[in-house]
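What follows is a set of notes on a single structure, which appears directly below.
The values are calculated or read from the model by the stated rules, or taken from the named source; none is laboratory data. Nothing here was measured: the structure is a model prediction, and the numbers come from that model. Cβ placement follows ideal geometry from the backbone for every residue including glycine, while neighbour counts extend to all protein chains displayed.
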Amino acid sequence: MSRHPVDRQPARRGQEHYWSIIRELARDGKPITATSVHDRCSGSRDAVADYVRRLVKGGYLRPAYLLGKTQAFELIRDSRDTPRLTQDGQPVVMGASREQLWRTMKMLATWDYRELALAASTEEVPVAAIDAQNYVKHLFRAGYLALVTKATSTKLARYRLLPSKNTGPKPPQVQRVKQVYDPNLRQVVWASGGAS
């Protein structure tokens, strides 16, 4: 079964929603169980239980006590950002390069895609120039970037992020269906067919 694009998913499911519920339960001093999280969302029970397992392996939750036969957990590592973890509790690196590109765009005055890739790269997550070029191309089409200097035979085009398009901390997503979705605005901001 294929996954729907994020803009077509119900808002009350997914790891971001599960994490917000877990933080809310911890804040309110209520038991954190797979059931208590599942009861407040529209995600499947298996998806919730899987995410709870990942959080335990990643060191965000630890078993605290039993409620009958149900395991309750304690939040031991809080984070404003939703932990995105692999099955063995390691941070997911897919998408990390886009986060780094988005953050770096906000720090640099102007840049070409090669400079952006270099500035956004870290030892843990290097950013390939071709990935930066693709991301820049889509954000430019979506109206997030201003062209500062056109490309010439010897120089690459230079861009800057428009201040009005600094929509938040989450990077706009280039979806496989050839559209750009902004998770900060929770909407599709550009589609290849012109409908946005």
*For residues in segment 66-86 being modelled with pLDDT under 95, among the polar types (S, T, N, Q) and surrounded by 13 or more Cβ atoms within 10 Å (Cβ to Cβ), which is farthest from residue 168 (Cα to Cα)?*
86
*Identify, from the list 154, 82, the residue that is of a type outside the set (A, V, I, L, M, F, W, C) and free of Cβ contacts under 8 Å to residues at least 24 places away in the same chain.*
154
_Wholly within segment 93-196, strands (runs of 3 or more DSSP E) carrying at least 2 residues that are within 26 Å of residue 83 (Cα to Cα)_ = 173-175, 179-182, 187-191
*When residue 47 is evaluated against the numbered criteria (1) under 29 Å from residue 181 (Cβ atoms); (2) in a strand (DSSP E or B), which criterion, by number, is the only one it fails?*
(2)
_Given (1) at pLDDT below 95; (2) crowded, with 17+ Cβ neighbours inside 10 Å; (3) closer than 30 Å to residue 129 by Cβ; (4) not polar (S, T, N, Q), index of the condition residue 17 fails_ = (3)
*asked:* Looking only at segment 146-196, how many residues end up being within 20 Å of the chain's Cα centre (by Cα) and not β-branched (Val, Ile, Thr)?
replied: 22
